[in-house]
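Below: one structure, written as structure tokens.
The values are calculated or read from the model by the stated rules, or taken from the named source; none is laboratory data. Predicted, not measured: the structure shown is a model, and the values here were computed from it. Cβ atoms come from the backbone with ideal geometry, glycine included; neighbour counts cover every protein chain shown.
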Ligand SMILES: Nc1nc2c(ncn2[C@@H]2O[C@H](COP(=O)(O)OP(=O)(O)OP(=O)(O)O)[C@@H](O)[C@H]2O)c(=O)[nH]1
Ligand SMILES: [Mg+2]
């Protein structure tokens, strides 16, 4: 495999920059540029000295030397810490390339770590999540996955499936073998039921994990002029959306972000929903209804206590009804009451915290993306099929066949997938990671 090189820090002028080199020629290339003999270095070592392109000194660098397999990628790896000048970075990288290294693709260091069994796919994905995370909750979740919490959990279930498969296969192969327990439906059913239960828990946990990682999609709706845009501005503490006393001010969707209780809220302010002859306003209203379909939470701002015209949009949805402008109108109702104008929005924030309390210490190491969810769902459906077959047939081989599918989905979760799919997953990573 080629020896790869990439800048691991942003391509910006900065105090320091890190350039990574990994692969079978990493040592021999580094020896030339550092003008040092590295052959005897078998432990992690830090060296300080010049980096040379032929005889020209490019910079003084710190070199971190990792002898494979005790490195992130599992290969011989050198990390050069140089001064963060764009010129120096470019000179160092082009020198390494002239000596045989090739520019790494996105995520290629992680891909190699995965291919060399240093980490499984769940852990590799977690590295990207750590880098991308915007909240402490999502970072802590990803860190726990990187440490292997999730892999252990998945492997336990995978092992349960595998041992049941082994039992079934032995029964098929040696039906009368004297010391092998003859399996009956009664033996298998509780095991399958338990697996189904475990997968149901994984699915609900995944939903939480996705919320923690991607944040919550929160859509603010209401009739025109109720204060939706004022609320958005108050939540993000910025004057982003246009506010005016003229109904129908907002047409396009206005977005904002805020973190509440460690959870990222992706906020969407929408056009006031009502019947209108204004063509452009109507397009805005349709956009509002469209984004509403994808909302994790709807904040419905009411005009008054009895405002229920938009209730039809809330069926089967997670929502909070809020009465705004309580600085000028009094209400005896037990609705959540706020004043977006005077920034008295605490009651709404508290209600969001109550509804989505994910600060629990158990909420770390949760499955957290749609790839995971897709595979767990497939595994779940396949187990339901196993259960059905179990009730309908005595033929163990049919059951075994289906259970094999369940097992395959679990393998894919951890990383038993073909190279093209893994390349696709790693292509969303940063260069140098
Ligand atoms: N007194 C008072 N006025 C408010 C409050 N919130 C908003 N307003 C006023 O109500 C008017 C409408 O506010 P917007 O935030 O533009 O209302 P909107 O729901 O976004 O309106 P559209 O975009 O037209 O649908 C503005 O004059 C705001 O200053 C509040 O809490 N109290
Ligand atoms: Mg508005």
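Inside region 247-267, can you point out the residues that are more than 7 Å from ligand 1 (Cβ to nearest atom) and in a loop (DSSP other than H, G, I, E, B)? Can you show your working first?
To start, the set of residues in region 247-267 that are more than 7 Å from ligand 1 (Cβ to nearest atom) comprises 251-267.
Residues satisfying the conditions are 251, 252, 253, 261, 262.
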* Is there a residue being within 8 Å of ligand 1 (Cβ to nearest atom) and either out of contact with any strand residue (DSSP E or B) (no Cβ under 7 Å at 6 or more places or on another chain) or under 24 Å from residue 337 (Cβ atoms) (or both) anywhere in region 279-294? -> no
* Criterion: closer than 30 Å to residue 206 by Cβ and either more than 16 Å from ligand 1 (Cβ to nearest atom) or more than 27 Å from the chain's Cα centre (by Cα) (or both) - qualifying residue of 323, 335, 381, 396 -> 381
* Asked: Can you pull out the residues in region 340-364 that are away from ligand 1 (no atom under 16 Å from the Cβ) and in a loop (DSSP other than H, G, I, E, B)?
  -> 356, 357, 358, 359, 360, 361, 362, 363, 364
* **Meets criteria (under 19 Å from residue 138 (Cβ atoms) and modelled with pLDDT of 95 or more) for residue 218** => yes
* To do: State which residue pairs qualify: first residue in contact (Cβ under 8 Å) with a residue 24 or more places away in the chain and in the same structural domain as residue 230 (by TED's automatic domain parsing) and inside region 323-334, second residue more than 16 Å from ligand 2 (Cβ to nearest atom) and part of a loop (DSSP other than H, G, I, E, B) in any location, beta carbons under 6 Å apart, and separation of 6 or more residues or different chains.
  => 331/305; 333/305
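Regarding region 276-293, can at least one residue be identified that is more than 10 Å from ligand 2 (Cβ to nearest atom) and under 30 Å from residue 409 (Cβ atoms)? Lay out the reasoning, then the answer.
In the first step, residues of region 276-293 are kept if they are more than 10 Å from ligand 2 (Cβ to nearest atom); the result is 276-283, 285-293.
Checking which are under 30 Å from residue 409 (Cβ atoms) leaves us with 293.
Among the residues of region 276-293, at least one is more than 10 Å from ligand 2 (Cβ to nearest atom) and under 30 Å from residue 409 (Cβ atoms), which makes the answer yes.
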* Asked: Hey, any hits in region 363-371 for a residue that's closer than 21 Å to residue 296 by Cβ and within 16 Å of ligand 2 (Cβ to nearest atom)?
  -> no
* **Positions within region 214-270 being in contact with a helix residue (DSSP H, G or I) (Cβ under 7 Å, 6 or more places away or on another chain), farther than 19 Å from residue 294 by Cα and more than 9 Å from ligand 2 (Cβ to nearest atom), in sequence order** => 239, 240, 260, 261, 262
* Using the structure shown, decide if residue 209 is surrounded by 21 or more Cβ atoms within 10 Å (Cβ to Cβ) and either assigned by TED's automatic domain parsing to the domain that holds residue 342 or closer than 27 Å to residue 140 by Cβ (or both). => yes
* To do: Please work out if residue 241 is within 11 Å of ligand 1 (Cβ to nearest atom) and in contact with a strand residue (DSSP E or B) (Cβ under 7 Å, 6 or more places away or on another chain).
  => yes
* Asked: Among the residues of region 191-199, is there at least one that is surrounded by 14 or more Cβ atoms within 10 Å (Cβ to Cβ), within 16 Å of ligand 2 (Cβ to nearest atom) and in contact (Cβ under 8 Å) with a residue 40 or more places away in the chain?
  -> no
* Asked: Scanning region 226-238 for residues that are part of a loop (DSSP other than H, G, I, E, B) and buried (at least 20 other Cβ atoms within 10 Å of the Cβ), which turns out nearest to ligand 1 (Cβ to nearest atom)?
  -> 227
* Can you give me the number of residues within region 268-296 that are within 14 Å of residue 222 (Cβ to Cβ) and either assigned to a loop (DSSP other than H, G, I, E, B) or at pLDDT 95 or above (or both)? => 8
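Assess whether residue 307 counts as being over 33 Å from the mean Cα position of the chain (by Cα) and either under 16 Å from residue 220 (Cα atoms) or part of a helix (DSSP H, G or I) (or both). Spell out how you get there, then give the answer.
Values: over 33 Å from the mean Cα position of the chain (by Cα): yes; either under 16 Å from residue 220 (Cα atoms) or part of a helix (DSSP H, G or I) (or both): yes.
Here the answer is yes, as residue 307 does meet what is asked.
Please determine whether any residue of region 72-95 is at pLDDT below 95, buried (at least 16 other Cβ atoms within 10 Å of the Cβ) and at positive phi.
Restricting attention to region 72-95, the residues satisfying the condition of being at pLDDT below 95 are none.
No, there is no match, as no residue in region 72-95 is at pLDDT below 95, buried (at least 16 other Cβ atoms within 10 Å of the Cβ) and at positive phi.
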* Structure fact -> Taking region 408-422 and the residues there that are crowded, with 20+ Cβ neighbours inside 10 Å and assigned to a helix (DSSP H, G or I), the one that is nearest to the chain's Cα centre (by Cα) would be 413
